[in-house]
Amino acid sequence: QVQLVESGGGLVQPGGSLRLSCAASKSIFRIYAMAWYRQAPGKQRELVARITNDGATNYADSVKGRFTISRDNVKNTGYLQMNSLKREDTAVYYCHLEYGRDGSWGQGTQVTVSS
């Protein structure tokens with residue numbers, strides 16, 4: 001089992017930026033696609049962005065042009081750069097490594113966008 005630890009969440013004003021990190025415990029991280037999901041109160045978990053092991057990316061329409069997903073396969077770490085944050089981006093953000101039947105999930109990091 002690969003352990004994933006997210007960091008970088010917090011409180012930010014609308015229009016601000018945050019960078020989330022997802023550190024994996026094993027180097028098999030570099031073999032698999034990873035993704036960021038988010039879940040707002042009362043809503044279902046939704047895909048925010050995904051990156052394959054060789055760097056191909058896709059984004060939810062709601063974050064295109066504002067968020068950037070990336071990864072460092074040497075450091076076994078994934079990132080989500082979030083710019084021009086909006087109140088509706090408020091959620092718990094989770095990273096997910098896609099392997100096997102279920103993969104691994106991090107514990108989540110809270111992002112709150114508020115003035």
**Message:** Conditions first: (1) open to solvent by 20 Å² or more (accessible area, probe 1.4 Å); (2) in contact with a strand residue (DSSP E or B) (Cβ under 6 Å, 6 or more places away or on another chain). Glu98 passes all but one, so which condition is the exception?
**Reply:** (2)
**Asked** So which residues in the range 1-36 are of a type in the set (Ser, Thr, Tyr), open to solvent by 50 Å² or more (accessible area, probe 1.4 Å) and under 11 Å from the mean Cα position of the chain (by Cα), if there are any at all?
**Response** Ser7
**Asked** Pick from the range 101-115 the residues that are open to solvent by 60 Å² or more (accessible area, probe 1.4 Å) and in contact with a strand residue (DSSP E or B) (Cβ under 6 Å, 6 or more places away or on another chain): which of them is farthest from Ala24 (Cα to Cα)?
**Response** Gln110
**Request:** Out of Tyr99, Tyr94, report the one residue that is at pLDDT below 95 and of a type in the set (Phe, Trp, Tyr).
**Result:** Tyr99
**Request:** Filter the range 3-40 down to the residues that are basic (Lys, Arg) and part of a strand (DSSP E or B), then identify the one that is nearest to Glu98 (Cα to Cα).
**Result:** Arg38
**Filter pass, Asp54 being open to solvent by 40 Å² or more (accessible area, probe 1.4 Å), over 14 Å from the mean Cα position of the chain (by Cα), of a type outside the set (Gly, Ala, Ser) and at pLDDT 95 or above** = no
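The values are calculated or read from the model by the stated rules, or taken from the named source; none is laboratory data. Please read these numbers as outputs of a predicted model, since none were measured by experiment. Using ideal geometry, Cβ is built from the backbone for each residue, glycine included, and neighbour counts are taken over all protein chains shown. Side chains are part of the model used for accessible areas, which takes the heavy atoms of the whole protein and leaves out ligands, DNA and RNA. Shrake-Rupley method; radii C 1.70, N 1.55, O 1.52, S 1.80 Å.
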